[in-house]
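Everything below concerns the one structure shown next.
The values are calculated or read from the model by the stated rules, or taken from the named source; none is laboratory data. Quick caveat: nothing in here was measured; it's all calculated off a predicted structure. Glycine gets a Cβ as well: all are built from the backbone with ideal geometry, and neighbour counts include every protein chain shown.
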Amino acid sequence: MIKMYGIPNCDTIKKAKKWLKTHNIEYTFHDYKKDGVDSDVLKQSIHATAVDQVVNKRGTTYRKLSESQQQQLSEDEPNIDYVIELLCQHPSMIKRPILVKKIGEQKASYILGFSESSYQALFDGA
């Protein structure tokens with residue numbers, strides 16, 4: 001099962017959807033704006049990658065945070081619960097898309113952002 005998380009009007013989401021469609025890969029889309037943010041997926045994404053990979057620090061939402069909030073997100077070992085709470089409040093600060101490929105009952109692969117080579121590697125190993 002493949003699930004993509006993000007915001008539909010994002011250009012990166014559009015590229016990722018196009019790639020999946022071109023390669024005939026079925027997936028479901030979770031829209032943060034309509035369906036809310038899945039905090040469990042954020043937590044699993046952070047554990048599978050890193051806070052720096054999940055938090056989009058290049059966008060205007062991040063730049064609008066207070067200096068204190070930005071500092072807490074940039075700590076070597078940030079408080080994960082705080083990070084998730086902040087991302088749930090500001091979904092446009094989540095790196096897009098988060099693509100989750102379930103592997104069995106307990107395992108999953110996570111790709112953050114879009115890269116043709118990363119997607120190809122994930123699905124070649126299917």
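Looking across region 11-60, the residues that are in a loop (DSSP other than H, G, I, E, B) and modelled with pLDDT of 95 or more come down to H23, N24, I25, E26, Y27. Could you please give the count of residues in region 73-87 that are surrounded by fewer than 16 Cβ atoms within 10 Å (Cβ to Cβ), at pLDDT 90 or above, not in a loop (DSSP other than H, G, I, E, B) and not charged (D, E, K, R)? Result for region 73-87: 2. Screening region 97-126 for residues that are hydrophobic (A, V, I, L, M, F, W, C) and assigned to a strand (DSSP E or B) and picking the one that is surrounded by the fewest Cβ atoms within 10 Å (Cβ to Cβ) gives I103.
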